[in-house]
1. Scan the range 290-317 for residues that are modelled with pLDDT under 85, touching a helix residue (DSSP H, G or I) at 6+ places or on another chain (Cβ under 8 Å), farther than 20 Å from residue 146 by Cα and part of a loop (DSSP other than H, G, I, E, B) and report the count.
2. Can you name the residue in the range 235-276 that is in a loop (DSSP other than H, G, I, E, B) and without any contact (Cβ under 8 Å) to a residue 60 or more places away in the chain and is also nearest to residue 369 (Cα to Cα) among such residues?
3. Just name the residue that is farthest from residue 254 (Cα to Cα) out of those in the range 346-355 that are out of contact with any helix residue (DSSP H, G or I) (no Cβ under 7 Å at 6 or more places or on another chain) and touching a residue at least 12 places away in the same chain (Cβ under 8 Å).
4. For residue 203, only one of the following conditions fails: (1) more than 18 Å from residue 129 (Cα to Cα); (2) surrounded by 13 or more Cβ atoms within 10 Å (Cβ to Cβ). What is its number?
5. Keeping to the range 225-244, report how many residues are surrounded by fewer than 15 Cβ atoms within 10 Å (Cβ to Cβ) and at pLDDT 85 or above.
6. Scan 320, 250 and give me the residue that is over 28 Å from the mean Cα position of the chain (by Cα), over 20 Å from residue 422 (Cβ atoms), at pLDDT 85 or above and assigned by TED's automatic domain parsing to the domain that holds residue 415.
7. Any chance you could count how many residues in the range 341-387 are surrounded by fewer than 17 Cβ atoms within 10 Å (Cβ to Cβ) and assigned to a strand (DSSP E or B)?
8. Take the conditions modelled with pLDDT under 90 and in contact with a strand residue (DSSP E or B) (Cβ under 8 Å, 6 or more places away or on another chain) and apply them to residue 14. Does it pass?
């Protein structure tokens, strides 16, 4: 079996050359202390380049690569400290990579090279995916939600099952093309939605980029940004409720069911918005809720919206039992009504609001209705009214780009008028 050449042999120079990220690196057979022929110096050149590449000056501290080395040396505590520093964006273990001498970086370069060599036999796609998801797990609650991390893990597990036990070094553009074709087939067979396949492919590309950045693959696949290796999500027709249907459901709803309905209509809430509503955001004296939408609050440009409460919404909120808890809606154990929990790497999702609604809908023989449709119905009423320009503001959306520089932000008086009008449409005089 031919030995892979990591550099290019130049006969006239009796040495090797490498173009890496726009810079040229050379080494002669004499410097390698090898006989000046291609065959006799190839192995030494490969080893020289692996060490050189691993020890090149980095602009950021190589927390995880150093942590891998300490773990291999049986020092998990130092490895853990390095990974924690990396998650916080701090320098690693009290050291400044740029301040380490060239000789010191060369030592670490040799360590990285040897570690990579030792890992090759164990570096299957599956083991590297496990490392990636463990790395991402550190950021739960900081840069990624528990739900997003669970989705990422699930998408990559399916990718691993599709590829089988291939070495990570075989992860290339051909594999990406094959998986894209597989996802497309699943969409055509109605096994995956376009949105699910889109997110799955995005997760795979994220992993591939991480593998390249961590020197697990030598090259980033050239087609990773190609337009034909993508999945477009076509706009779906939104199924909504008519005004008469809303009024009919509200007429038979009582207690918490009626309150949840009104929160979806009054504020455009989803179940997670209801669950995440804090007491600090609710002012019953002023009859307002001031908050950003839960799903998009971390996005730049998302407005903080002041919603005026309807009379009926205020009345039902005042009937809630008093508590000193952070959230307005909690269960008997003091937990949020919608939550994700992690136990032994298994995720459980609880949505008590949606569950209560399904029971109530079934009991009242109401079919093909979800709580989300109340939010859609209210926003549709706004979209077809004189207040249409405030549609996105009501939903708590951020401007979607330069094209929305004239994004309409009403003052509190105008927005209060909008909500009063909306309440009149749904409940009559408010």
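The values are calculated or read from the model by the stated rules, or taken from the named source; none is laboratory data. Everything quoted here is computed from the prediction, not taken from an experiment. FYI the Cβ positions are ideal-geometry reconstructions off the backbone, even for glycines, and counts take in every protein chain you see.
1. Counting residues in the range 290-317 that are modelled with pLDDT under 85, touching a helix residue (DSSP H, G or I) at 6+ places or on another chain (Cβ under 8 Å), farther than 20 Å from residue 146 by Cα and part of a loop (DSSP other than H, G, I, E, B) gives 1.
2. Top of the filtered list is 237.
3. Here is the first cut: in the range 346-355, the residues out of contact with any helix residue (DSSP H, G or I) (no Cβ under 7 Å at 6 or more places or on another chain) are 346, 348-350, 352, 355.
From what is left, the residues that are touching a residue at least 12 places away in the same chain (Cβ under 8 Å) are 349-350, 352.
Working: 349: 26, 350: 23, 352: 17 Å.
Ranking the qualifying residues of the range 346-355, first place goes to 349.
4. Result: residue 203 fails condition (1) only.
5. 9
6. 320
7. Of the residues in that region, 8 qualify.
8. Values: modelled with pLDDT under 90: no; in contact with a strand residue (DSSP E or B) (Cβ under 8 Å, 6 or more places away or on another chain): yes.
No.
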